[in-house]
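Just below is one structure, and these are the notes that go with it.
None of the figures in this text is laboratory data; all of them are computed from the coordinates on show. The structure displayed is predicted, hence computed values, not measured ones. Here the Cβ positions follow ideal geometry from the backbone for every residue, glycine too, while neighbour counts run over all protein chains shown.
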Amino acid sequence: MERLAIHGGKPVRDHVIYYGRQWIDDSDVRAVGEVLKGSLITCGPKVEELERRLERYTGARHAVAVCNGTAALHCACMAAGIGPGDEVITTPLTFAASANCVLYCGATPVFADVNPETYNIDPESIREHITEATKAVIAVDFTGQAVEYEAIRAICDEFHLILIEDASHAIATSYKGKKIGSLADMTCFSFHPVKTITGGEGGAVTTDHEEFYKKLVLAHTHGITHDESLMEGAPHEGPWYYEQIALGYNYRLTDFQAALIMSQMDRLDAFAARRKEITKTYDEAFACLPGIIVQKEIADSDTCRHLYVIRLDLDKLTCTRREFFDAMSAEHVQCQVHYVPVYWFPYYAHLGYKKGLCPRAEEIYSAIMSIPLYPLLSDQDVQDVICAVKKVCGFYRK
Ligand SMILES: *Cc1c(COP(=O)(O)O)cnc(C)c1O
């Protein structure tokens, strides 16, 4: 058997590859440069252009561009009217922002457990966690796979809950033929560099609801409006006049970021096709590899994966997840783990959340890691990753 690099053997590859990275080309640089040389680098026409483009792409009636995905979630929670005394149900297997946005509003995040095969929030667990105080659900399309939307929608309708989708991973995914962004009451996107398309930073919320749209607009620009029909009656002083009618934030995106995101959208179909191709190659390589479990997909989701998560079948291996992870690093394949259950973090522990709340999510966390997945990976890179997984897995197999 080949010696592992961690034991002094030759690494599978010379250069390190990471689990994710952006793809910026000359057309992106040109698009940004043109805006930077113009007169409006923020509050200009590119942001609105991006919003119209996101509406066309997702099929949603409205889109509001904001400065990052976390701001998108915060604005969505504000538009939903979430406040002190309210509970919002979400998954622990997500980036902290999916729950932090609830805390920003003075409300309480409640963690439902996940499906052990898809790793997405389990609709039945949502139902079990509903109380009189529950106001909304934040469903996360983990790794890019759509949540079980119809089942969750039915529960939200039954209990009059607002459904917010955290689609930070899922911009090119469809559910039953409908693009993510057109389904939930509000859908949040992130354009961080590891995500499917990027603006450096950036985010957006899409919605079909006029009321939410108006609140989202206010939330991301200080609660200030120039729209006379919204003004409340302070004397209109002249052309310079605007009113602050709510408390909002400055969560605006710049015009050069909007231009970058649109330039990336020009290649979104190609990015998605490559992500799907790599996912298929990995699935085929690992489907029958003892020691490795692949994430299951629901038939309703036509998924563009943001992350490719392998789960170790630790009963079949002699190593721990940590040893496997370190051995992959030594082979120069730098993995990452998505995610530490949110309520395990000290901040949440201090709020009173206890380990053991969501046993299935915790069990999944203990055995997973994300291997490299991004469109810039060459076929050789993909083969190197497969080779490293097989090498490490082969060494530690019982
Ligand atoms: C990236 C991410 C966010 C936050 O997005 P930012 O743009 O980094 O603020 C929120 N939720 C999930 C699931 C994410 O992956």
Take the alpha carbon atoms of the range 56-74, find their center, do the same for the range 183-206, and report the distance between the two centers in whole angstrom. 7 Å
Taking Cα atoms only, helix 210-219 is inclined relative to the longest principal axis of the chain by an angle, in degrees rounded to 10, of 90 degrees
Spelling out what I want: for every residue of the range 247-258, take phi, set θ = phi - 60°, compute 6.51 cos²θ - 1.76 cosθ + 1.60 (Karplus), and round to whole Hz; glycine and proline get x. 9, x, 10, 9, 10, 6, 8, 7, 5, 6, 5, 4
Just to be sure I understand the model, the point goes 7 Å from the Cα along the line to the Cβ. What's the resulting GLU34 to TYR104 distance in nm? 3.1 nm
Would you mind computing the Rg to Rh ratio of the range 26-265 from its alpha-carbon coordinates, Kirkwood style for Rh? 0.99
Cubic angstrom per residue, convex hull over Cα atoms of the range 310-396: 111 Å³
For the pair ILE6 and ASP379, what calculated FRET efficiency results from E = 1/(1 + (r/R0)^6), where r is the Cβ-Cβ distance and R0 = 22 Å, to the nearest 0.05? 0.30
Here the longest stretch of the chain that holds no chymotrypsin sites (Phe, Trp or Tyr not before Pro) in a DSSP loop having at most 15 other beta carbon atoms within 10 Å is 19-239
For the range 334-347, Karplus couplings with θ = phi - 60° (6.51, -1.76, 1.60), whole Hz, Gly/Pro x: 8, 8, 8, 10, 10, 9, 5, x, 3, 6, 6, 5, x, 4
Taking GluC sites (Glu not before Pro) as candidate sites, keep only those in a DSSP loop with at most 15 other Cβ atoms within 10 Å, then name the longest stretch of the chain containing none of them. 238-398
Compute the signed sum of charges (Lys and Arg +1, Asp and Glu -1) over the other residues within less than 10 Å, Cβ to Cβ, of ASN115. -3
Specify the angular offset, from 0 to 90 degrees and rounded to the nearest 10, of the alpha carbon long axis of helix 69-79 from the longest principal axis of the alpha carbons in the chain. 40 degrees
What full-extension length gain, to one decimal in nm, is calculated for ARG52 and GLN244 as 0.36 nm per residue of separation minus the Cα-Cα distance? 66.6 nm
Give the angle, between 0 and 90 degrees and rounded to the nearest 10, that separates the Cα long axis of helix 45-58 from the longest principal axis of the Cα atoms of the chain. 60 degrees
Binned at 5 Å from 0, what are the whole-percent values of the Cα-Cα distance distribution for the range 340-385, short to long? 5, 19, 18, 12, 10, 11, 10, 9, 5, 1
For GLU2, net neighbour charge (Lys/Arg +1, Asp/Glu -1) across residues whose Cβ lies under 12 Å away: +3
Summed side-chain charge close to LYS135 - residues other than LYS135 whose Cβ falls under 11 Å, Lys, Arg +1, Asp, Glu -1: -3
How large is the Rg to Rh ratio of the range 172-217 when both quantities use alpha carbon positions and Rh follows Kirkwood? 1.02
Need one number: % antiparallel among DSSP beta bridges in the chain, to the nearest 5. 60 percent
